[in-house]
Structures are given as structure tokens and as C-alpha cells.
1. Post the alpha-carbon centroid distance, the stretch A:38-87 to the stretch B:79-158, in whole angstrom.
2. Take the eigenvalues of the Cα gyration tensor for the stretch B:183-329, scale each by 5, and report the square roots as semi-axes in whole Å, largest first.
3. So which trypsin sites (Lys or Arg not before Pro) in the stretch B:140-238 are both in a DSSP loop and have at most 13 other Cβ atoms within 10 Å of their Cβ?
4. Nearest 500 deg cm²/dmol is fine: what mean residue ellipticity at 222 nm does chain A get from its DSSP H runs of n ≥ 4 alone, each adding -39,500 (n - 2.57), divided by its residue count?
5. Could I have the simple spin-label model distance between B:L183 and A:N274, label points 7 Å from Cα toward Cβ, reported in nm to one decimal?
6. Please check chain A for the longest run free of trypsin sites (Lys or Arg not before Pro) that are loop-located per DSSP (anything but H, G, I, E, B) and have at most 15 other Cβ atoms within 10 Å.
7. Tell me the volume per residue, in Å³, of the convex hull enclosing the alpha carbons of the stretch A:1-141.
8. Stokes-Einstein at 10 °C, 1.306 mPa s, Kirkwood radius from Cα pairs: D for the protein assembly as shown in µm² s⁻¹?
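The numbers here are math on the coordinates, done by the rules we state, and not lab data. This is a predicted model, so every value here is computed, not measured. Positions of Cβ are generated from backbone atoms using ideal geometry, with glycine treated the same way; all protein chains shown enter the neighbour counts.
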Amino acid sequence: MSTQSSRLAARMMVAPSVVLLLIWMIVPLAMTLYYSFRFYRLLSPDRTGWTGFTNYVWFFDSPDFWLALFNTLALVGGVLVITVVLGILIALLIDQPVKGQGALRILVIAPFFVMPPVAASIWENLFMHPQNGLFSAIARGFGAQPILFLEQYPMWSVIGIVSWEWLPFATLILLTALQSLSSEQLEAAEMDGAGPFARFRHIILPHLTRAITVVILIQTIFLLGIFGEIFTTTQGGPGSASTTLPYMIFKQAIAAKDIGRAAAGGIIAVILANIVAYFLMRGLGRNLDA
Amino acid sequence: MGKIQLTRVRKSFGEVDVIPGIDLTIEDGEFVVFVGPSGCGKSTLLRLIAGLEDTTSGSIEIDGRDATNLPPARRGLAMVFQSYALYPHMTVRKNIAFPLKMAGMDKAEQDARVERAAKVLNLTNYLDRRPGQLSGGQRQRVAIGRAIVREPAAFLFDEPLSNLDAALRVGMRQEISELHQSLKTTMIYVTHDQVEAMTMADKIVVLNAGRIEQVGAPLELYNHPKNLFVAGFIGSPRMNFIEGAEAAKHDAHTIGIRPEHIAVGEGPWEGVVGLSEHLGSDSFLKVAVEGIGPLTVRAPGEVHARHGDRIRLAPAGKIHRFDKNGLAL
């Protein structure tokens, strides 16, 4: 299989796609990098030129930036904790033999097929709405004041909505991992005197580590770029309370029409994603080895 | 301390009675082998004793104590699974220590017991490896180690050698037998391999379709099978059964004669050799005998008979006689 000629042939075959992928990645990145050092506002297109690090400095000087950074990490971390913990519990639950198991599993997976803006609208108008929402109806039923979710707890609300969307994904991956655990191992543990919690702690959880790692890595990639849910519900507000880094970039690019700053924000986001990825791989990467 | 008493133990899965009702006494220190064809309920019976399945009715007593509804952990039994069921993320040491840890034993005592078990099973050099880095035989020994550290009232083995190659199987068979000699603990061993049953057991329980066909010492089953099923199941190659006129001569509906109890040379039966297998120490011949049908013959040493040869055969050993219902006369 790996004679010299076959290796050469393999490289030749792979080369076009590698080159294409490289261009695909490098060109947008290079353009973003280029604009991030330019003065380029759509409202004054005649004034252009190099500005050095001014665009970056603007971000670091802006108090909103640090809040947005914190919000981004809080969103990623919060959703990861909620989806992994609930995902494991739901997976354990729907792994039990029950009638209508197939239908049940489809129901559990359904939220994943709802588009982000639709999901966010459903939550905003049907659940969290202060007059028409289900939650306010429940609160009033108990004689309490309805909670103004999007005004008082905007970040928590966004985390809740995004968790609802991503929970099926985590559940699905964890469920398949759970089903690959041999029942003899659980029976052996039972014979060895391990109760339900000990079995979960010593047998099931270690078996799930690889699946949990996969869930965390994949979700992190997508969660760092969450935008639609915020756009549809809080618009980053009130004030900047629920502005994340992607949303802040959007505000610079579309609201302020400042392409230079938006590009600088984009580069910062890329660096942030790489830092997160580095720590994730260092902390979790070894779980992926056999 | 491991007498196990089953009284009218019944197990059904829905409508299907897998085990319609079994009475069996296993004495303390005995090596009992459950043997039978696949699907005969032998594994289910073992799992009932282990507590991994609920008994539908009847009772299981362990050490004179009713254990029918006790959870597996409280029955004081240890089980070795067919797949070994080692915990892949734990080292050998942690695997063996797991039941001790679950029992809340202190660390020093745990270590001492693990070391002792590892020494007995030649695992001392492998204690810090993971199961994935071990060979089949070593994994098997770890599974046994995990069972012996608990000092259980009885060991349960569920086809423990079926994943090993032939040479290793013979070795592990001896090791398990020696373990039984040194521990003197009750062992219940499930297998479909009658060679394992014959070589290891103090007592064999032959099961068929959830019923006990016969219980007895290996040679007792070989020499005095109670019925056609046991006669056909114990012994390899299997016993020849002859019906019709030849059987009537012996005043029986069916007669059985083992392949090793037929002599080649002179005799009343004549036939054509079909398949012949020459193993060196033995020769197995399939002979189509006129008026009787095909007979398997096991002749010691080399017999120069080829496909198509005509040879004469004579019964040279015990002839087993059975009535219409398949029971021994």
C-alpha cells in the first residue's frame, strides 16, 4: 500500500483539494487582516488609508468589548454545562426500554431542526413574553409578578434558548455512546457491589468521556459564533448587556458601517477562538486517543 | 460456605417459559458444570443464581439463606463473564480492586489482597496496564482475579473460555481446575463444550430446553446416560443410534453404541467407508453399514481405510438400550 510510487500518487491526488482549501481559508483571512489595518467607513468612502492598530485599540478601549468577551465565554460555558449535564440525564432516561421509544427519541431530537431565529422567536413570544408568554401566565397563576426575562436576565435568557436548541445534539451523541456500553460491564459492576450511583460514576461516566469531549469541541465551534438568537430577541441589549463578540462585530459593520473596526473585531474573534481551542485540546484532547 | 439450593425455580420471558421449573442442590465446594446446546437455558439459570435476572417463581437459597429477592451484590457470589467485562478505563490493579473499593475496604487491605491475587494468577507484572494492552488469556486471568479477591461463597463462570484459542483454552482449563483445588470454593461453570464439562466437573448438569436431563459425575453420565439426549450429548464423536431390526435383537426400541466401542476387522456388520479422518492417534471413519445406516467409528491408531473401501465392524463395548420414549432400559 505504501510504496514510494503509491505515496507520490496519493499526494498528487490530494493536492488539488488541499490547495483549494488553503485558498478558501487564506483569502478571506488575508482580506480581513488587510481591512483591519485600514480606515474604511462606508459613510465616508473618500477617506481611506492605513491606520495602524487604531481599530484594535478602539476595541480594547471600549468597555463594551470586555463585556462582550465575557458574554461570549459565558454563553459558550453556560450552554456547554447545561447541554452536557442535561444531555447525559436525558440520554440515560430515554435509553430505558419504554413503549414508543422511537417516537420519543424523535421528539427529543426535534428542537435541533428548528432554525435559530424561529426558535428564538418562539421562546421570545410564546414563553418569555411578559403578557402572552407561558412563563408569565404561570407566574400570574401563582399570584407573582411576571419575570421580564429579556429585560432583567437577557444573557441567561439567551443561554436558555441556545441550550434548548443544542440539547438534542448533545443528547443524541451521548445516547449513542451510552448504547455502545456493554451490558456485561454494568452487570459485572453490579455483581461487584456497585450501586446505581457508583455504576454511573465508575462505569458509565468514564465510558462517556470521549462522547462528552466530542460534544464540547463541536458545540464550542458553533457557540462562539452564535448570532441569530441574540439578533431576534435582545438585539444585544438592554444597553450592551447581552452583546457578544460576534454581535459587537455586526454592530460595527452594519450599524456603524465601519468595515475597518469590524474586521479588527473579526481578527480578535479568530484569536479568541484559537485560544479556546488550544485550551480545549490541551485539556480534553487526550480523551480522543484510543 | 457455598451451598446453593434451587427449589422449583421457574423463569419466563413473557409467554415463553425458558426454565419451566428446576430443582437442584449444589454442595459446598463442588465444581458443577451446566452443559447443554445453545438456547437450553444454562446461561439464564446461571444469571438467576447470580441475581442478574428475577426468578418468576420458586426459590434460591445460598448458604441456607433465602436469596431469591436479594440484589446480586448481596448474594456473596462472583461472576466471570464470557466477554470478561473488564473496565477498560481502569488499570488491572483498579479492576481487581473494584469490588473491594465498592465494599469500602481500607486501602492497605485492598492492596494486600490485589497483590495476593495477582501473584496467584501471574499478573504481578501487568498490574499497571489497562485491559486493552493484555492478551486474551491475561484478560481472562484479570477477570478471575476480580472474582477471587472478594472471597465469594461461590464463583459463577459464564462460558469463560469460548473467546480463547484452542491451546490457551486447555491451559486455562487446567488453571481453573487448579484454582478450584486450592480455593475449595463452590464453582458453577456454564459451557456448551462437553470436553470442558467432562474434564473439569465434579458434577455435570445436562440441560435441554430449560429442563435438567441428568445430573451426575462425568463418567456416570458417560457410562449410564439416562436418556437419548444425554447419550447423544456426552461423548465425542457422538454416540451412534440404531433403530429397527438391529435394536429389536437387543429387545429395545433404540440402541446406542459409542464410536470408540466399535472394532474394525471381523464382525457381523459390513459397510462402505465414507469420510475418513486420520488424526494419528485416532482414526474417525464414517461407515455406511448395510441394514443399519451410517455409523461413526473411532479406531485407535492408524487404520488404513480409504473412501469407498469395504470393511467389517463389530460391537466391542457397552450397548446402551433405550425404550420408545428415549429412556434408558
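1. Result: 54 Å between the Cα centres.
2. On the way: eigenvalues 174, 80, 25 Å².
Those come to 30, 20, 11 Å.
3. On the way: sites: B:R141, B:R146, B:R150, B:R169, B:R173, B:K184, B:K203, B:R211, B:K226, B:R238; in loops: B:R150, B:K184, B:K226, B:R238.
Answer by residue number: B:K184.
4. Here the helix-only value at 222 nm equals -22000 deg cm²/dmol.
5. Distance between the two pseudo-spin positions: 5.8 nm.
6. Values: sites that count: A:R47, A:K99, A:K257.
Free of exposed loop sites, the longest segment is A:100-256.
7. Details: hull volume 42.8 nm³, N = 141.
Output value, Cα hull per residue: 303 Å³.
8. Values: Rh = 31.2 Å.
Stokes-Einstein gives a translational diffusion coefficient of 51 µm²/s.
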